[in-house]
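Data first, discussion second: the structure below is written as structure tokens.
Any read-out appearing in this document is the output of simple, stated calculations on the displayed coordinates, not a laboratory observation. No experiment lies behind these values; they were computed from the predicted model shown. A quick note on method: Cβ atoms are made from the backbone with ideal geometry, for glycine too, and the neighbour counts reach across all protein chains shown.
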Amino acid sequence: MIPVSTTIALASARTEVASFLEALIQVYTLCIIAYILLSLVQSAGMRVPYNAVTSAIFKFFNDAVEPYLAFFRRFIPPLGPFDLSPIVAILLLQIVGGIVVSLVRG
């Protein structure tokens, strides 16, 4: 039989892991939104082209978000100038993330 203190510790660990996953999903969602906004700014020509700081920030978001969005772009063609893949990607991330967090939390 498992002692009560071990059961409480395991329940606390599951809650902490679920909270961490939930925060990670929210941060990644914010990264996707920031990447979309930076892409809009860049396409409008409002970015300083040779600024090392803005280039590094854009490269970070590009490296972090683009592989995830590329998966959805294979299946969802753009509608003229509009790319709907980030919307689907965020929606799916929130749904699957919520299910995973619920399963971990118990």
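Hey, got the dipole for the range 16-105? About the Cα centre, +1 on K and R Cβ, -1 on D and E Cβ, debye to the nearest 20? Before the final figure, lay out each step's value.
Working: 5 positive and 5 negative charges, 35 e Å.
Using Cβ point charges on Lys, Arg, Asp and Glu, the range 16-105 gives about 160 debye.
What's the longest piece of the chain with no exposed chymotrypsin sites (Phe, Trp or Tyr not before Pro), counting a site as exposed if DSSP puts it in a loop and it has at most 10 other beta carbons within 10 Å?
Details: sites that count: TYR50, PHE75.
Looking at the chain, 1-49 is the longest stretch - no exposed chymotrypsin sites (Phe, Trp or Tyr not before Pro) with at most 10 other Cβ atoms within 10 Å.
With each label point set 7 Å from Cα along the Cα-Cβ vector, what nm distance links ARG14 and ILE33?
With each label placed 7 Å out from Cα toward Cβ, I get 3.1 nm.
Could you put SER19, SER43, SER85 in order, starting from the residue whose Cβ has the fewest other Cβ atoms within 10 Å? Mind showing how you got there, number by number?
Working: SER19 13, SER43 10, SER85 18.
Result, fewest neighbours first: SER43, SER19, SER85.
When the Kirkwood hydrodynamic radius is evaluated over all pairs of different C-alpha atoms of the chain, what value in angstrom, to one decimal, is obtained?
On the way: mean 1/r = 0.0613 Å⁻¹.
About 16.3 Å, per the Kirkwood formula over Cα pairs.
Taking springs between alpha-carbon atoms closer than 10 angstrom, which of LEU93, LEU38, LEU79 fluctuates most in the Gaussian network model of the chain?
LEU79
Could you tell me which of PHE61, GLN42, LEU93 has its Cα farthest along the dipole of the range 16-105 towards the positive end, charges placed at Cβ (Lys, Arg +1; Asp, Glu -1), taken about the Cα centre?
So the residue we want is GLN42.
List, in order, the whole-Hz ³J(HN,Hα) value for each residue of the range 17-27 obtained from phi through the Karplus relation with A = 6.51, B = -1.76, C = 1.60 and θ = phi - 60°; use x for Gly and Pro.
5, 5, 5, 5, 4, 4, 5, 4, 5, 5, 5
Suppose R0 equals 35 Å. What FRET efficiency, 1/(1 + (r/R0)^6) with r the Cβ-Cβ distance, do ARG74 and ALA44 give to the nearest 0.05?
With a Förster radius of 35 Å, E is 0.85.
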